[in-house]
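The values are calculated or read from the model by the stated rules, or taken from the named source; none is laboratory data. Quantities reported herein were computed from a predicted structural model and do not represent experimental measurements. All Cβ positions, even for glycine, are placed from backbone atoms using ideal geometry, and neighbour counts span all protein chains on display. Just so you know, the surface numbers come from the protein's heavy atoms only, side chains and all, with ligands and any DNA or RNA stripped out. Shrake-Rupley method; radii C 1.70, N 1.55, O 1.52, S 1.80 Å.
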Amino acid sequence: LALVVAAVTAQQASSGDGGTCDVHVDGGARGACADEPDTGGGSAGCASGGPRACGDLNSLLQSRPRRTVRGGGDPVDSAGQEQAEDQVGLEARAWQGGSKQQNDSKPLWWGGIVNPQGPYSDVTCANIAIPGVSRGALACKPHSLSVSEDATWPLHVFGHGDGSLPTKYQHLLEDIASFGFVVVAYNSCKKSVSGILVTSCLGGASAFLEILKVINAFDMDVDLATKNSVDVSKPPTISGHSTGGRAVQMAGAVKDNPNYLKGAMWGYFDRALNNDNQALRKAAQRIAAVVAMHPDLMTNPSFNPDVPGFYGAINATPVFFTDTVQDHVLDPGGVWVDFLMTKPPHKIYANMDEPIPGGGHMEPAYHGFEGPFVAYFCQAFAEQNSTAYTMVYGDCDACLRNALNYSAEGQRNSGNGTVGLLLCGQSLTGNPTAWQPQDSPFCNASTTDTATPKQ
């Protein structure tokens with residue numbers, strides 16, 4: 001990770017075309033970033049002196065302006081979009097009707113979301129069987145004539161919400177996969193109802209085990225990994241929505257603190273995690289990053305079987321939380337409370353303001369605005385990718401802090417009543433950093449920082 005941060009915070013270097021490349025990370029000073037060797041994606045140099053992220057084009061260099069959508073689902077100001085992309089010297093992608101073919105199952109602007117936006121925009125999805133996982137999973141991976149048949153990709157496991165199946169989120173899964181992942185979303189737990197133990201997966205409380213089963217299956221079954229193009233040499237990453245967002249937090253807590261869930265559910269989780277020579281605990285240890293989208297409230301014992309054990313349990317694994325002002329399903333400020341309960345050096349809170357149809361609790365399913373940044377966040381920590389790190393923590397036009405709309409003071413779900421976006425990181429010397437700097441106390445949340453935020 002030090003190499004990643006170093007690449008992002010480099011002070012002076014010349015650009016590929018003689019220009020300079022400005023990035024701004026963790027509240028530090030602006031500086032030019034050094035070009036990295038071309039890895040097959042073309043020159044990574046700056047174009048016309050415009051801002052860009054450090055890193056190689058083959059992995060992530062793809063700039064997008066703020067994605068605003070009208071109620072009718074049309075992209076706004078495509079000319080402005082092209083101008084912004086020309087600024088960084090990338091191929092213009094207007095994403096307007098007729099500009100790119102989508103698969104036959106859904107129109108271009110299905111649910112108000114653009115096509116997969118990563119460098120591998122041709123993605124294929126299929127249901128696959130996975131040993132130990134009821135009903136298998138939906139798997140999406142890059143599929144293009146430009147990709148060799150023996151290409152492999154890191155594993156990303158996705159957890160769905162109550163009463164849903166992965167197909168509800170397929171455009172989001174495709175978007176993440178287009179950045180170079182095999183995204184595997186388990187089909188089990190469909191009939192879970194949060195807090196109702198007699199429903200599927202103990203009302204979602206055991207959904208985290210499905211995540212670990214998927215990881216373990218690919219680790220243990222060479223044929224499964226080979227058939228589905230999974231590179232098991234790279235650590236897996238996980239994300240989830242609603243109940244799935246709760247599940248990924250639980251999986252992250254199991255990784256970072258072996259005492260979490262100890263004795264919970266009459267020892268059921270201990271037995272499941274320790275069975276077969278602790279296979280599922282070992283699977284948890286491989287997780288490199290966690291993304292929780294509109295997750296359930298972890299202070300609710302009906303959702304989280306070990307509330308006291310969860311405080312500070314995620315203390316090392318990077319975690320990224322998303323919510324929206326328009327989410328009226330979750331308790332007000334609940335995702336912010338989840339954020340405060342975690343204590344890793346790298347964590348992010350993003351409360352988006354997207355006042356459009358479907359911009360509430362089901363935003364990941366209907367729009368998936370955070371999709372590219374889920375991929376960037378996971379690549380930054382699973383693959384030590386400096387470009388991805390910049391897209392998350394930097395200050396370029398297409399970086400997280402500038403690409404989306406965030407809540408203002410007093411809006412619903414703003415952290416502590418004021419925070420719309422908070423990027424918590426760590427400097428090369430190990431000191432905590434934050435953007436915005438005035439919100440840095442929330443980056444080091446303790447068990448006493450969980451008071452209900454002002455709304």
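A few points about this structure:
- With the whole protein complex present, His367 retains an accessible surface near 10 Å², based on a 1.4 Å probe.
- Inter-part distance, segment 397-423 to segment 280-324, computed on C-alpha centroids, equals 21 Å.
- Projecting the Cα atoms of Gly163, Ile211, Val182 onto the charge dipole of segment 122-249, computed from C-beta unit charges around the Cα centre, puts Gly163 farthest toward the positive end.
- Filter on Lys213/Lys262; Lys213/Lys282; Lys191/Lys227; Lys168/Lys347; Lys141/Lys191 - keep pairs with C-alpha separation over 22 Å: Lys191/Lys227; Lys168/Lys347; Lys141/Lys191
- A Cβ-based charge dipole, computed about the Cα centre of segment 243-306 with Lys and Arg at +1 and Asp and Glu at -1, lands at about 180 debye.
- Relative to the Cα centre, the charge distribution of segment 123-424, modelled as +1 at Lys and Arg Cβ and -1 at Asp and Glu Cβ, gives a dipole magnitude of about 760 debye.
- Within segment 123-424, antiparallel bridges make up roughly 45 percent of the DSSP beta bridges whose residues both belong there.
- Relative contact order [Cα under 8 Å, 6+ residues apart], segment 251-348, whole percent: 30 percent
- Built from the Cα atoms of segment 123-424, the convex hull projects on average onto 14.3 nm², one quarter of its surface area.
- Amide proton proximity set for Thr124, modelled H, under 5 Å, gap of 5+: Lys141, His143
- Between the residues Gln379, Gly394, Tyr260, the greatest Cα displacement towards the positive end of the dipole of segment 123-424, with unit charges on the Cβ of Lys, Arg, Asp and Glu, is found for Tyr260.
- What the Kirkwood sum gives for segment 300-455 is a hydrodynamic radius of 15.9 Å, with every pair of different alpha carbons counted.
- Here the accessible area of segment 123-424 is 52 percent carbon and sulfur, with a 1.4 angstrom probe and all protein chains present.
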